[in-house]
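The values are calculated or read from the model by the stated rules, or taken from the named source; none is laboratory data. Here the structure is a predicted model, which is why all the values come from computation and not from measurement. Counting neighbours? That spans all protein chains shown, and the Cβs are built from the backbone with ideal geometry, glycine included. Note: accessible area is taken over every heavy atom of the protein model, side chains too, but ligands, DNA and RNA are not part of it. Shrake-Rupley method; radii C 1.70, N 1.55, O 1.52, S 1.80 Å.
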Amino acid sequence: MGVIIGSARINEKGTVSGGKAGDQTRREVSTQAYYIHSKGWYCLRPKSISVANALADAMIEACNNNCIGYCQTHRTSVIPKLRAAGRLSKIKTNVETDCSELVRACCIQAGFDPGDFNTASEVKALNATNQFMAKISVTSSTTLYNGDILVTKSKGHTAIVVSGRPRQAAKPSGSANTNSTKVVAAQHRDNNLAGTYTVTASALMLRTNTNTASSGNILKRMPNGTKVKCYGYYNIDKNGQKWLYVDYRGTVGYASAKYLKK
């Protein structure tokens, strides 16, 4: 699966202001294949995997909500509606945003507010939240992950990586597993699957992939009643069964959907 980014891009007139509220073309706020910007990208990577997932989820919600359109003049109308509705997906009246204000809105939905900024001041504003690692200068060989925030090196554009590569889980401390704990990329996403789930098995395995024949891919054993968070990503095993990509106390991996109750 190629890397996909989401952003507020341009209004229905192909200009930065003067359009109608809401997304008239279904492309004003939308996803697209990742590209190298002519001004170059900096990457701001969240320290927390759960924050990274929340940022990606928020951007996907914005891109799927046709009430959210693009306009620099009326860019601030989205955040009051977000605060009232609770999530970008629940905004029901037509509003406007621009690329940097939408990133701020995604941060708010993820649980923190970096304050107002534009692409020229974005790196400084995001760094001040202490939610991100040091900025990365993106090259053609840079690996990008879901939830990474991209901002041009000079004033221009900003976007969030929404689909491509989940973050790697940390190796469990004290584990006897000597195999790689690299989590395979999720191939599918369904927003209806996003939410909090309860483990219904006595010791559900959190794995790096969907292979139940191997014990070397086990990351954690999750007790019955444990709460885990899914942001809609999943894979399908050879038998056609769904395995949800979930966050369990800071460790991410795959768990069989058969033993997860929403």
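Annotations for the structure displayed:
- Structure-derived percent of Cα pairs over 22 Å apart - corresponding label in (i) 51; (ii) 59; (iii) 56: (iii)
- Cross-link table K90/K153; K227/K258; K92/K242, entries beyond 21 Å C-alpha to C-alpha: K90/K153; K92/K242
- Residues whose placed amide H lies under 5 Å from that of G69, excluding near-sequence neighbours: G22, D23, V95, E96, T97
- Taking Cβ atoms as reference points and 11 Å as the exclusive limit, the residues near K242 contribute a net charge of -1, counting Lys and Arg as +1 and Asp and Glu as -1.
- With protein chains left intact and a 1.4 Å probe, residues in the range 1-139 average 43 Å² of accessible area per residue.
- Over all distinct Cα-Cα pairs of the range 1-112, the Kirkwood formula returns a hydrodynamic radius of 14.1 Å.
- Protein accessible area in the chain, 1.4 Å probe - carbon and sulfur %: 46 percent
- Proximity of backbone amide H atoms, modeled 1.01 Å from N, is registered between V29 and R9 at under 5 Å, excluding neighbours fewer than 5 places apart on the same chain.
- Under 5 Å, built H, 5+ apart or other chain: amide partners of G232: A194, G195
- Estimated vicinal HN-Hα couplings, Hz - the range 92-107 in sequence order (Karplus 6.51, -1.76, 1.60; Gly, Pro = x): 10, 10, 5, 9, 10, 7, 10, 4, 6, 5, 6, 4, 4, 4, 5, 4
- Helix 49-64 axis, angle to the chain major axis (alpha carbon atoms, nearest 10°): 50 degrees
- Selection of trypsin sites (Lys or Arg not before Pro), the range 188-260, meeting DSSP coil and at most 10 other Cβ within 10 Å: K238
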